[in-house]
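Each reported figure results from applying straightforward, stated rules to the coordinates on display, with no laboratory input. Keep in mind that this is a model prediction, so the values were computed, not measured. Don't worry about glycine lacking a Cβ; one is built from the backbone with ideal geometry, like all the others, and counts go over all protein chains shown.
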Amino acid sequence: MPIKRLYRLQRARLTATPLALRPQLGFKARLLRYLILLGVLLLAAYIGMRYGQYQQEMALAKNAQAKQNQIQSNQQRLATLEQEKALLTQQLTVIGAERDALKRDLSTLQQDAAVTRETLSFFESLLQSNDRSRLASFVACDLQMRATDRLGYRLLLVQGTDKTTELSGRLLLSLQFVVDGKKQTLTLGDEQSPVLAVKHYHRAEGEFNLPENAAGPMLMDVRFVEAAGKKVLASCQKKI
């Protein structure tokens, strides 16, 4: 029967197995075994903890390096921006200097144009004038506001046609304006002013320094009088 056969096989296997004697461990041996096992477990736990710390330190080092790289990148970008800012500032300075130079050139050109207009008026007066008895006249009598407290004037005095004798006289100017509703007058030149010697033409320019709150209308009266008297040889008026 199968059961008896299985029993015989098991009995034969047990008979063939050699006997081995195993001494029974005492309390100290078992305790030592447990301590060794516990030591192995603690060592494994310690190694695992140290490995975890190492992994954490590596992650922190990578983060710190990434932050350091980011800081260096930001510093480089900041330095680049500072250089660009300095370059732009330098360019703006150059542009400002060029603008100021252009303003000066424009002012010079305007002054040259005014002188040219005066010269043209002078020659036109010489060509078109038929009054041979006139001693002198103002062919240019300009008044312009240069600032809130300054008025500039430009004058061109010419002798009459065919007049070759040198004229001597004084140039007297006056400016009428209003301050707080009251008329006031500024004068330039008097009887003690230097005598001008005019031959063919004389050009004069200057400024009136206005008091505070000066308002218009403003009227400039110009006279060229004899050096030894009060006879008016030429006159003009300009109102703005």
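Between A59 and S73, the modelled labels are 2.2 nm apart [label points 7 Å from Cα along Cα→Cβ]. Estimate the FRET efficiency between K182 and T108 by the formula 1/(1 + (r/R0)^6), using the beta-carbon distance for r and 22 Å for R0, to the nearest 0.05. With R0 = 22 Å, the Cβ-Cβ based efficiency is 0.05.
Given a Förster radius of 25 Å and the C-beta distance between K199 and L120 as r, what FRET efficiency does 1/(1 + (r/R0)^6) yield to the nearest 0.05?
0.80
Using a Förster distance of 51 angstrom, determine the FRET efficiency expected from the C-beta separation of A66 and A45, and round it to 0.05. That gives a FRET efficiency of 0.95.
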